[in-house]
Each structure stands twice: as structure tokens, then as C-alpha cells.
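Presented below is the structure to which this report refers.
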Amino acid sequence: MNEAPLGFDWPKARARLARTKEAIQIIKKLWRQDRNDSSNNRDDDDKGFVNFNGEYFLVRGAKLYTPPAGHIPLYMAATGHQSIKVAAKYADGLITYLNPEAARKALEIFDRSLEKSGISQKKPKIAEYKVSFSDDYDKALKSTYFWRATLIKNVFDSDIGDPRKLQQKALKEVPDKELEKSIDIITSIDDSISSIEEYFKAGFTMVYVHSSSPDEIKFVQEFSKKVLPYFVEVGRKISEKKKGTAAAEA
């Protein structure tokens with residue numbers, strides 16, 4: 001949808017993943033975050049000039065003259081097994097929209113890939129929690145219609161670049177019940193607490209809340225008033241418990 005209107009081809013999944021992997025390596029080199037990189041493509045000098053000869057990208061003497069002062073985490077969105085492995089090895093963390101039940105296997109693959117790559121540090125595992133809140137259930141559901149096309153089967157392998165055609169296809173193939181499965185439709189903001197807890201139980205370390213509510217201001221106000229304080233308190237208790245355990249061991 002972003003590339004086809006500009007005259008670019010939409011590559012197959014293997015090519016997209018390979019390009020992403022190469023792009024991450026190049027970005028980190030330009031950001032000067034690859035000091036421990038021992039890959040065969042490493043050919044920089046001490047002044048920050050970068051060379052990279054990949055399957056898709058060729059960089060010769062590139063230099064970012066205003067590199068970031070500190071580390072910028074680069075997280076990769078992934079759902080497939082191969083892309084998760086790439087995220088583990090090359091990115092600073094994983095983001096996925098998979099629900100808690102479906103994500104368990106994905107997180108296991110991510111952790112195993114870290115071990116196989118010899119990476120001892122723990123990396124963030126971030127869930128995208130989709131929610132739509134309104135006192136009126138029908139309004140909350142209707143507000144999710146914007147995302148219907150994202151639920152088309154194998155949507156990223158489609159060569160359709162026109163959003164109007166994608167929407168027409170979605171209306172034919174994606175019923176409301178599929179939206180209700182994909183997005184948490186709630187009439188009480190408190191209901192989001194148990195949903196978010198399921199992500200942490202599945203093994204996620206962070207939860208990114210993606211609201212599709214009809215009144216986003218009201219969602220933010222209610223979420224800040226009731227949900228955030230709950231998790232702040234949970235976090236405080238966990239922190240105190242860890243300190244107590246560390247003190248006891250000492």
C-alpha cells in the first residue's frame with residue numbers, strides 16, 4: 001500500500017526479511033552501535049565511515065555525521081518463525097501483535113534464538129494489545145472497522161496496493177466476529193486489566209496498548225485513572241519482593 005503507488009515492486013516474504021536484516025545492520029553501523037559486530041560485512045574505519053556489501057544493499061563510505069548521543073533501541077515487529085529469529089539476533093527486542101495464547105510459541109523461539117546466537121542479555125518482548133473501549137458495545141465495535149483489512153488472510157503476501165480495493169476485499173472476507181477475536185471490545189475499562197495480565201503471563205516484558213476507541217480522550221482518561229495505577233502498584237510489589245529476596249540471599 002505504501003510502495004506500489006510509488007512504482008516499486010512488493011517483494012516476497014523472503015526478500016522482505018533479508019532486506020530488513022541488512023537494513024538493521026546498516027542502521028546500527030551508521031548509529032555506531034555495532035562495536036562488537038564480528039560479521040563478515042564489517043569494514044568500517046575508526047572515523048565512522050561504513051561499507052556494507054549485502055544481497056540487497058550496497059553501501060560505500062557512508063557516514064552519519066550527527067550520530068545519536070546514546071543508544072537508540074531498535075525493535076522489530078515479527079510473527080513468523082524466521083522473522084522472530086532475525087529479531088532475536090539483530091534487533092534490540094521483539095514486537096508482536098499475536099494474542100497471549102498464540103504468542104507463547106513465538107516467545108519460546110525468540111528466547112532459543114538468543115541462546116543459539118550466544119546473546120546472554122535479555123531483550124524486551126513487547127506485545128501489541130489492541131482494544132476498543134466505549135460504554136456502548138456497538139460503538140466500540142464499529143470503531144474497529146478501520147482495521148478490518150489487516151485481518152485479510154495472508155494480507156502481506158497480497159499484491160493489492162490500493163486501500164480501497166483492500167477494504168472491499170476485507171468487507172467480503174472478514175466478518176465482525178473476526179474483529180471481535182482480534183481486538184478486545186470492552187464496555188468497562190477495568191476489563192482491560194485481566195487482558196493485559198494475560199500478556200505478562202505469556203512471557204511478555206512490555207505491553208503496548210493500541211486503542212481503537214471511538215473517544216480516545218475518554219479512553220486515555222479512564223485508562224490513566226484506573227488501569228495504570230493498578231499496574232504501577234503491581235510493579236512496586238514485584239520490585240519490593242525482588243529486593244527482599246536479594247537481601248535474604250546476601
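Below are the figures for this structure:
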item	result
Leading residue by the ranking (nearest to Lys130 (Cα to Cα)) among those in segment 69-105 that are small (Gly, Ala, Ser) and buried (at least 17 other Cβ atoms within 10 Å of the Cβ)	Ala103
Residues that are surrounded by 14 or more Cβ atoms within 10 Å (Cβ to Cβ) and either more than 22 Å from the chain's Cα centre (by Cα) or modelled with pLDDT under 95 (or both), drawn from segment 207-218	Pro214, Asp215, Lys218
Check on Glu108, among the charged types (D, E, K, R), modelled with pLDDT of 95 or more, part of a helix (DSSP H, G or I) and under 18 Å from Thr205 (Cβ atoms)	yes
Filter result for the condition that a residue is in contact (Cβ under 8 Å) with a residue 24 or more places away in the chain and either among the charged types (D, E, K, R) or more than 30 Å from Asp9 (Cα to Cα) (or both), over Ala69, Ala149, Ala106, Ala140	Ala140
Answer residue from segment 127-159, given it is surrounded by fewer than 18 Cβ atoms within 10 Å (Cβ to Cβ) and β-branched (Val, Ile, Thr) and is nearest to Lys181 (Cα to Cα) among those	Thr150
Residues being farther than 19 Å from Glu3 by Cα and more than 21 Å from the chain's Cα centre (by Cα) - total across segment 148-168	1
Lone qualifier among Asp135, Asp159 - being closer than 30 Å to Ala15 by Cα and not hydroxyl-bearing (Ser, Thr, Tyr)	Asp159
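Every residue, every condition in (1) within 20 Å of Thr144 (Cα to Cα); (2) out of contact with any Phe, Trp or Tyr (no Cβ under 7 Å at 6 or more places or on another chain); (3) surrounded by 14 or more Cβ atoms within 10 Å (Cβ to Cβ); (4) not acidic (Asp, Glu), yes or no:
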residue	(1), (2), (3), (4)
Gln221	yes, yes, no, yes
Lys225	no, yes, no, yes
Leu228	no, yes, no, yes
Val232	no, yes, no, yes
Glu240	no, yes, no, no
Lys243	no, yes, no, yes
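The values are calculated or read from the model by the stated rules, or taken from the named source; none is laboratory data. Since the model is a prediction, treat every value here as computed from it, not as a measurement. Heads up, the Cβs are rebuilt from the backbone with ideal geometry, glycines too, and the neighbour counts pull from every protein chain shown.
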